[in-house]
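Trainee: What follows is a structure written as structure tokens; I'll ask about it next.
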Amino acid sequence: MKNLVWILILLVVACQETEEGGPNLQPEEEGNESDSQEEFTELTTSLESPWDIENSGDTIFISEREGTIARIEEGEDLEREPVETEKNITQIGEGGLLGLKLHPGFATNQHAFGYHTYEEEGEVYNRLIKLEYKDGQWLEIEALLEKIPGNNYHNGGRVEIGPDKLIYITTGDAQNESLAQNKESLAGKILRLDFNGDIPEDNPNQNSYVYSYGHRNPQGLGWSEQGELFASEHGPSNHDEINKIEPDQNYGWPIIVGEESSEGMQEPLFQTGNDTWAPSGLLVYDDHLYVATLTGQSIRTLDQLGENPQVVTDQYGRVRDVETIDESIYFITNNTDGRGNPDSKDDRLIRYKP
């Protein structure tokens with residue numbers, strides 16, 4: 001009888017939907033044998049639920065979900081700076097201050113773009129805003145896009161600037177699966193807009209921010225040197241995806257997952273099968289994709305064909321974002337977000353020299 005109870009418990013756990021901190025169903029994998037102290041340098045400790053890495057020269061800025069931005073100068077103590085917004089930042093579930101992207105002219109105009117969760121009239125939304133960095137604080141100067149559907153989970157949140165000098169943002173399905181297939185909704189999409197918040201004339205559909213759709217909870221964007229766009233996406237309980245993004249294409253959620261197919265829907269470049277990564281930040285570097293994984297608790301790499309997946313390091317717990325600065329790769333752990341097992345140093349910024 002006891003054995004039967006244990007079998008039932010294991011079946012329930014295996015069937016639960018895995019989010020950023022769900023059960024790791026993936027077999028143990030060994031870290032890279034070259035994972036040495038010389039290659040990995042701890043730069044900062046005591047970050048608080050960090051989400052996105054940006055840099056201007058030697059200064060690194062990291063958004064934190066509670067609504068602050070950590071400023072890091074190598075060899076100096078971390079400075080935590082406030083973000084003042086017109087609508088209060090709501091740190092609920094996976095929400096809060098998420099994506100951060102510095103304006104290409106940041107060195108002179110001190111402008112940046114931020115994505116955050118907020119509540120209005122009893123509903124949860126996300127918004128994209130323009131910020132100005134002034135006197136050690138970040139001030140909202142303009143709202144670019146508001147009322148992106150939000151929820152406790154599936155808020156997306158990545159903000160990047162493409163080779164075309166346009167803003168791309170990822171949005172989750174806000175725990176309403178049908179919104180991902182609804183092209184009139186901003187949820188479950190990759191959106192594209194200009195620096196003023198306007199819809200570019202060459203967007204796939206006139207008067208629409210939607211660049212691609214059918215996404216569940218995408219959290220990573222990166223471009224190859226050839227201008228190809230790749231995105232990482234959380235699947236249900238498993239079947240996490242890496243997709244090659246083409247304009248106006250349907251990536252299938254919730255109609256198809258994993259190896260399933262349907263006419264008019266794009267299959268993933270790579271999917272994790274019965275394993276779970278919960279991929280977040282994504283970087284294209286040296287012809288490979290580097291993926292920060294939360295449940296997978298590692299940085300993983302695969303080639304641009306979606307083949308040859310390998311573990312770069314699995315020594316730091318949950319990893320939220322990965323970025324390249326001066327031929328090195330920087331990443332942030334995410335053990336203090338309520339789903340990890342933080343130690344006294346977490347969360348950390350770490351530099352990796354391939």
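Trainee: Residue check: is GLU146 in a strand (DSSP E or B), surrounded by fewer than 19 Cβ atoms within 10 Å (Cβ to Cβ) and either touching a Ser or Thr at 6+ places or on another chain (Cβ under 8 Å) or at positive phi (or both)?
Mentor: No.
Trainee: What is the one condition in (1) within 19 Å of GLY281 (Cα to Cα); (2) in contact with a Ser or Thr (Cβ under 7 Å, 6 or more places away or on another chain); (3) outside any loop (DSSP other than H, G, I, E, B); (4) not hydrophobic (A, V, I, L, M, F, W, C) that GLU140 does not satisfy?
Mentor: Evaluating GLU140 over (1) within 19 Å of GLY281 (Cα to Cα); (2) in contact with a Ser or Thr (Cβ under 7 Å, 6 or more places away or on another chain); (3) outside any loop (DSSP other than H, G, I, E, B); (4) not hydrophobic (A, V, I, L, M, F, W, C) leaves (1) as the failure.
Trainee: Across the range 59-78, which residue is nearest to ALA107 (Cα to Cα) among those that are acidic (Asp, Glu) and at pLDDT below 95?
Mentor: GLU73
Trainee: Looking only at the range 50-65, how many residues end up being under 16 Å from the mean Cα position of the chain (by Cα) and either on the phi > 0 side of the Ramachandran plot or of a type outside the set (A, V, I, L, M, F, W, C) (or both)?
Mentor: Residues in the range 50-65 being under 16 Å from the mean Cα position of the chain (by Cα) and either on the phi > 0 side of the Ramachandran plot or of a type outside the set (A, V, I, L, M, F, W, C) (or both): 6 in total.
Trainee: Can I ask one more? So which of ASP286, ASP240, ASP248 ends up being more than 24 Å from LEU98 (Cβ to Cβ), charged (D, E, K, R) and at pLDDT 95 or above?
Mentor: So the residue among ASP286, ASP240, ASP248 that is more than 24 Å from LEU98 (Cβ to Cβ), charged (D, E, K, R) and at pLDDT 95 or above is ASP248.
Trainee: When you go through ASP52, ASP58 one by one, which is the residue that is among the acidic types (Asp, Glu) and surrounded by fewer than 21 Cβ atoms within 10 Å (Cβ to Cβ)?
Mentor: Details: ASP52 fails: surrounded by fewer than 21 Cβ atoms within 10 Å (Cβ to Cβ).
The match here is ASP58.
Trainee: I need the strands (runs of 3 or more DSSP E) fully contained in the range 279-319, keeping only those with at least 2 residues that are in contact with a strand residue (DSSP E or B) (Cβ under 9 Å, 6 or more places away or on another chain) and charged (D, E, K, R).
Mentor: Strands (runs of 3 or more DSSP E) meeting the threshold: 298-303.
Trainee: On to the next question. If you take the residues of the range 195-232 that are charged (D, E, K, R) and in contact with a strand residue (DSSP E or B) (Cβ under 7 Å, 6 or more places away or on another chain), which of them is farthest from THR293 (Cα to Cα)?
Mentor: GLU228
Trainee: Sticking with this one: Filter the range 269-282 down to residues that are touching a residue at least 40 places away in the same chain (Cβ under 8 Å) and surrounded by fewer than 23 Cβ atoms within 10 Å (Cβ to Cβ) and give me whichever is farthest from ASP314 (Cα to Cα). Explain how you work it out, then say what you get.
Mentor: Going residue by residue through the range 269-282, those that are touching a residue at least 40 places away in the same chain (Cβ under 8 Å) are 272, 274-282.
Next cut, surrounded by fewer than 23 Cβ atoms within 10 Å (Cβ to Cβ) only: 274-275.
Values: ASN274: 19, ASP275: 15 Å.
Among residues in the range 269-282 that are touching a residue at least 40 places away in the same chain (Cβ under 8 Å) and surrounded by fewer than 23 Cβ atoms within 10 Å (Cβ to Cβ), the one farthest from ASP314 (Cα to Cα) is ASN274.
Trainee: Separate question: I'd like to know if the range 306-314 contains one or more residues that are over 27 Å from ASN176 (Cα atoms), under 17 Å from the mean Cα position of the chain (by Cα) and crowded, with 22+ Cβ neighbours inside 10 Å. Outline the logic, then answer.
Mentor: Here is the first cut: in the range 306-314, the residues over 27 Å from ASN176 (Cα atoms) are 306-314.
When the remaining residues are screened for being under 17 Å from the mean Cα position of the chain (by Cα), the result is none.
No - not one qualifying residue is present in the range 306-314.
Trainee: Can I ask one more? So which strands (runs of 3 or more DSSP E) stay within the range 150-268 end to end and still have 1 or more residues that are crowded, with 22+ Cβ neighbours inside 10 Å, acidic (Asp, Glu) and free of Cβ contacts under 8 Å to residues at least 40 places away in the same chain?
Mentor: Because the criterion is at least 1 residues that are crowded, with 22+ Cβ neighbours inside 10 Å, acidic (Asp, Glu) and free of Cβ contacts under 8 Å to residues at least 40 places away in the same chain, the strands (runs of 3 or more DSSP E) in the range 150-268 that meet it are 241-245.
Trainee: Could you list all residues from the range 54-103 that are among the charged types (D, E, K, R) and touching a Leu at 6+ places or on another chain (Cβ under 8 Å)?
Mentor: Answer for the range 54-103, where residues must be among the charged types (D, E, K, R) and touching a Leu at 6+ places or on another chain (Cβ under 8 Å): GLU54, GLU64, ARG65, GLU66, ARG71, GLU74, GLU84.
Trainee: Residues that are touching an Asp or Glu at 6+ places or on another chain (Cβ under 7 Å), closer than 23 Å to ASN334 by Cα and modelled with pLDDT of 95 or more, at least 1 per element: which strands (runs of 3 or more DSSP E) completely within the range 95-137 meet that?
Mentor: 97-102, 123-134
Trainee: Might you check whether a residue that is out of contact with any Leu (no Cβ under 6 Å at 6 or more places or on another chain), among the acidic types (Asp, Glu) and under 15 Å from LEU349 (Cα atoms) occurs anywhere in the range 311-322?
Mentor: yes
Trainee: State all residues of the range 258-272 that are farther than 22 Å from GLU184 by Cα and of a type in the set (A, V, I, L, M, F, W, C); if no residue qualifies, say none.
Mentor: Step one: filter the range 258-272 for residues farther than 22 Å from GLU184 by Cα, giving 258-261, 267-272.
Within the range 258-272, LEU269, PHE270 meet the criteria.
The values are calculated or read from the model by the stated rules, or taken from the named source; none is laboratory data. Since this is a predicted model, take the numbers as computed values, not measurements. Every residue, glycine as well, gets a Cβ built from its backbone with ideal geometry; the counts of neighbours run over all protein chains shown.
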